[in-house]
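Here the structure comes first, spelled out in structure tokens, and everything after it is commentary.
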Amino acid sequence: MIFSLPVAAVLVGFFIAYFLKPAINNAVKLLLSFSGAFLLSITIFEFLPDLYAFGSKNTGLFIMGGLLLQILLEFLSRGAEHGHLHLDNERRQIPWLLLISLCIHSAFEGFPLAENKDLVYGIVIHKIPIAIIISSFLLVSNISRIQVLVFLLIFALMTPLGSFLGQLDIWSPVIKSNINALVVGILLHVSTTILFESSKNHQFNASKFGVILLGIGLAYIL
């Protein structure tokens with residue numbers, strides 16, 4: 001499950017972007033808000049308490065390190081991890097900086113999944129709208145379809161790769177805890193950015209608020 005579901009999420013996102021195209025814009029925004037609320041809630045309700053219960057004395061430091069790492073990654077990816085992406089439509093080759101940033105992000109988020117089953121669902125729900133957004137931008141660029149598929153395949157495999165590495169016996173408990181703390185920082189930054197960015201003209205959006213409540217409630221029940 002921890003290997004197949006993240007890959008399936010990227011494939012679902014690609015097919016939605018390929019077949020439905022602009023008609024899904026508002027739905028993607030709501031799905032993104034739901035995924036941000038669900039991911040943040042799973043992190044706060046389960047991942048973060050477990051981390052502090054069994055973590056090292058440097059847990060807080062590594063969480064802040066994860067926040068800073070995600071800021072750097074978003075500088076390279078132009079915010080693709082939380083739904084903001086602006087690519088040059090004249091581009092004729094794979095955007096390598098975007099791919100590298102997404103791969104690092106995905107590998108880290110896959111690292112703790114073997115020991116945090118509920119987090120798997122948060123990552124999968126988060127990946128679908130991100131994959132839709134990335135696929136949509138790549139499909140309207142001048143990149144060949146083969147390059148688009150190669151990009152998405154590499155992106156899809158990074159989370160399972162992170163999960164595989166997380167299961168290896170090469171990590172001491174302290175190192176594993178510190179890496180998990182980095183992941184918490186990454187997830188906190190991504191999910192809160194999705195949720196707390198201002199709506200258009202700073203207006204209250206009832207639909208967005210509703211799906212956020214739904215995401216929080218579902219995470220709590222799980």
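Descriptive notes on the structure:
- For Ile179, the accessible surface of its heavy atoms amounts to roughly 30 Å² (probe 1.4 Å, protein chains only, rounded to the nearest 10).
- Proximal lysines to Lys29, defined as alpha-carbon separation beneath 19 angstrom and excluding residues fewer than eight positions away on the same chain: Lys21, Lys127, Lys200, Lys208
- Radius of gyration over Kirkwood radius for the chain, both on Cα atoms: the Rg/Rh ratio is 0.96.
- Folded to 0 to 90 degrees: helix 4-20 orientation relative to the chain principal axis, Cα: 20
- Gyration tensor (alpha-carbon) shape descriptor, the stretch 1-49, a/c threshold 1.5: oblate
- Modelled label reach - Leu20, point 7 Å along Cα→Cβ, the stretch 35-53 residues with backbone N closer than 20 Å: 35-39
- Sorting Asp50, Asp169, Asp118 on solvent-accessible area from highest to lowest, probe radius 1.4 Å, gives Asp169, Asp50, Asp118.
- For the stretch 10-71 versus the stretch 120-177, the gap between their alpha-carbon centres in whole angstrom: 13
- Modelled spin-label separation between Val150 and Ser56, with each label point placed 7 Å from Cα along the Cα-to-Cβ direction: 3.9 nm.
- A Cβ-based charge dipole, computed about the Cα centre of the stretch 89-136 with Lys and Arg at +1 and Asp and Glu at -1, lands at about 200 debye.
- Only Lys, Arg (+1) and Asp, Glu (-1) charged, at Cβ; the chain dipole about Cα centre in debye: 480
- Placing unit charges on the Cβ atoms of the charged side chains and taking the dipole of the chain about its Cα centre, the candidate lying farthest along the positive direction among Asn26, Ala206, Ala156 is Asn26.
- Degrees separating the helix 59-77 axis from the principal Cα axis of the chain, which is the longest one: 10
- Cα-based helix-to-principal-axis angle, 25-42 vs the chain, degrees rounded to 10: 0
The values are calculated or read from the model by the stated rules, or taken from the named source; none is laboratory data. Model, not experiment: these values are computed from the prediction. Heads up, the Cβs are rebuilt from the backbone with ideal geometry, glycines too, and the neighbour counts pull from every protein chain shown. Accessible surface is based on the protein model in full, side chains and every heavy atom, while ligands, DNA and RNA are left aside. Shrake-Rupley method; radii C 1.70, N 1.55, O 1.52, S 1.80 Å.
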